[in-house]
Amino acid sequence: MVKGMLLFYGGVRRDPAIDRWLDERSPELGAIARRWFERLRSCGEDVRELMHDGCPTTCVADAPFGYVGVYRAHVNVGFFHGAELPDPARLLQGEGKRMRHVKARPGAEPDAAALDALISAAYADLHSRLANAQRKGESS
C-alpha cells in the first residue's frame, strides 16, 4: 500500500474480461481502443489490469497509470497523473487536478508517436512516484 495514492486492488497480468469488453465495442472504436490498450499493457512485466468505472485500466503495484474509455463517437486514452506529464505535442485534454486524456476518433487519430511517448512517460512517472514513496517509507 502507498499512502496518499489512488489504489485499485485486484489487478491481474491479463484480464480476459477486458478482451471481451473490447470485442463488444463497435469495430471502428474498438480497434482504436484495443490498439492503445495493448500499448498500455506492453509497458512492462509489472503491469496489471482491471476494469474500473467501466474502463479497462492499467496499474503497477495497484496504482493506476492509464485507461481507455470508449464513448459514442470517440475513444479516450487517459492518464491518472496526466496533468504532470510532459506533452510537447499538446495532445492532453482536461482541466482536472490530476487526470488528463487524449481523444481519438476514427479518421482523426492523434499523432501516434506523441501518444506513445505519453504512455511511456505515464508508466515511468508512476514508477518514480512509487520509488519516491518507498524511499520516504510511505509504503507498507
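Screening the chain for whole DSSP H helices of 18 Å or more along their axis (Cα) with average Kyte-Doolittle hydropathy at least 0.5 returns none. Label positions at residue 108 and residue 28, each projected 7 Å from the Cα along the C-beta direction, are separated by 1.1 nm. Dividing the mean sequence gap of close Cα pairs (under 8 Å, 6+ apart) by how many residues the chain holds gives a relative contact order of 23 percent.
All of the numbers you see were taken from the coordinates with simple rules; none came from a lab. Computed from a predicted model, the values in this text were never measured in an experiment. Note that we place each Cβ from the backbone using ideal geometry, even for glycine, and neighbour counts take in every protein chain shown.
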